[in-house]
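Asks: Before anything else, here's the structure in question.
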Amino acid sequence: METREDGVRLIAIFTDFGLDGPYTGQMKAVLHQGAPGAPVVDLFADAPAFDARASAYLLAAHVAPLPPDTIVLGVVDPGVGSDRAGLMVEADGRWFVGPDNGLFALVARRAARLRAYPVFPPPGRLSASFHGRDVFAPAAARLARGDRPDAREALDPGCVDRADWPEDLARVVYIDRYGNAMTGMRASTLAATAELMVHGRPLRRARTFSDVPVGHPFWYENANGLAEVAVNQGRADEALGVRLGDRVDPRQGTVATGAPGAVA
């Protein structure tokens with residue numbers, strides 16, 4: 001039997017759709033219809049396209065500032081229309097709704113409390129190619145307005161994880177509008193003296209942009225805890241030829257003591 005909680009929750013959208021075209025707008029329309037009054041924020045509309053693994057590390061790093069009862073609608077879904085399932089995952093009080101393709105694997109792995117359920121059945125017409133609108137947005141709206149899944153339908157929480165994915169990913173997972181390259185590595189796993197190798201070039205750590213000369217490349221711990229490659233008042237993607245998916249390797253012996261190694 002489904003349960004219900006009072007109150008309307010924040011919905012945060014994480015997709016690779018982009019803001020051009022109808023896709024994000026159509027999902028928001030479903031959210032507003034299904035959970036009137038629920039605030040909706042765009043966390044990412046430009047997650048790595050078709051890449052659930054890279055997106056998983058990006059998402060896990062960006063959920064901490066969200067309120068603890070946020071509903072995250074996550075759709076990076078290259079397998080849409082196939083036999084891949086949908087999931088609703090409760091991790092430390094936040095709910096994550098989207099495809100069962102590893103997108104929530106790192107969130108789940110790092111959670112102290114975890115539950116997983118099949119996604120609510122779609123309420124009406126189901127297209128073959130837009131489950132973000134037809135399946136996951138209606139489910140997120142139901143969660144936001146207080147509906148909860150039947151506890152008897154709970155899945156093994158281990159199904160959310162991807163055991164073959166590393167703790168930290170030594171690759172570029174996002175390039176922002178300034179050309180800064182976020183990696184899938186938590187900076188806390190790297191020693192203060194660590195250097196990151198980018199296309200054979202060693203980069204030293206700095207605290208912030210102004211700590212290095214203008215035009216100088218470096219790496220730093222960004223505001224969400226990831227190791228990020230940057231150039232002071234420049235573009236790391238252009239200066240270093242960095243692209244999504246490129247390896248960014250810590251130099252030998254520079255991983256923080258007791259921290260899990262970052263591997264691709």
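Asks: So if I place +1 on the C-beta of Lys and Arg and -1 on the C-beta of Asp and Glu, and nothing else carries charge, what would the dipole magnitude of segment 169-250 be about its Cα centre? I want it in debye, nearest 20.
Replies: Details: 10 positive and 9 negative charges, 13 e Å.
Rounded to the nearest 20 debye, it is 60 debye.
Asks: What is the distance in Å between the Cα centres of segment 14-77 and segment 163-178?
Replies: Their Cα centres are 18 Å away from one another.
Asks: Another one. Pop a pseudo-label 7 angstrom from the Cα along the beta-carbon direction at both ALA223 and HIS199 and give the gap in nm to one decimal.
Replies: 2.8
Asks: Name the residue farthest towards the positive end of the dipole of the chain from the options ASN222, GLY79, PHE104, assuming +1 on Cβ of Lys and Arg, -1 on Cβ of Asp and Glu, about the Cα centre.
Replies: Of the options given, the answer is ASN222.
Asks: Relative contact order (percent) for segment 105-264, with alpha-carbon contacts under 8 angstrom and 6 or more residues of separation? Walk me through the numbers before you get to the answer.
Replies: Details: 276 pairs, mean separation 39.1, N = 160.
Relative contact order here is 24 percent.
Asks: Along the charge dipole of the chain, pointing to its positive end and built from +1/-1 on Cβ of Lys, Arg, Asp and Glu, which listed residue (ALA181, VAL212, VAL198) has its Cα farthest out?
Replies: The residue sitting most towards the positive pole is VAL212.
Asks: To the nearest 20 debye, what charge dipole does the chain have about its Cα centre, counting +1 at the Cβ of each Lys and Arg and -1 at the Cβ of each Asp and Glu? If you can, show how the numbers build up before the last one.
Replies: On the way: 28 positive and 32 negative charges, 55 e Å.
Using Cβ point charges on Lys, Arg, Asp and Glu, the chain gives about 260 debye.
Asks: Now, a different point. Is segment 3-160 rounded, prolate or oblate when judged by the Cα gyration tensor, a ≥ b ≥ c being the square roots of its eigenvalues, rounded requiring a/c under 1.5 and prolate requiring a/b larger than b/c? Spell out each step's value before the answer.
Replies: Details: a/c = 1.20, a/b = 1.06, b/c = 1.13.
It is rounded, given that a/c, with a ≥ b ≥ c, falls under 1.5.
Asks: Related question: Could you tell me whether segment 169-250 comes out rounded, prolate or oblate from its Cα gyration tensor? Rule is a ≥ b ≥ c as square roots of the eigenvalues, rounded for a/c under 1.5, then prolate if a/b exceeds b/c, otherwise oblate.
Replies: Details: a/c = 1.32, a/b = 1.07, b/c = 1.23.
Rounded, because the longest to shortest axis ratio a/c is under 1.5.
Asks: If you place +1 on the Cβ of every Lys and Arg, -1 on the Cβ of every Asp and Glu, and leave all else neutral, what size is the dipole of segment 50-199 about its Cα centre, to the nearest 20 Debye?
Replies: Values: 17 positive and 18 negative charges, 63 e Å.
Its charge dipole is roughly 300 debye.
Asks: If you don't mind, there's one more thing I want to ask. Using DSSP, restrict attention to beta bridges with both residues in the chain and report what percent are antiparallel, rounded to the nearest 5.
Replies: On the way: 34 of 48 bridges.
Just about 70 percent of them are antiparallel.
Asks: Follow-up. How far apart, in nanometres, would the label points at CYS159 and GLU5 be if each is projected 7 angstrom from Cα along the Cα-to-Cβ direction?
Replies: Here the modelled spin labels are 2.1 nm apart.
Every number here is computed from the coordinates shown, using simple stated rules; none is lab data. What you are looking at is a predicted structure, and each value in this text was computed from that prediction instead of being measured. Every residue, glycine as well, gets a Cβ built from its backbone with ideal geometry; the counts of neighbours run over all protein chains shown.
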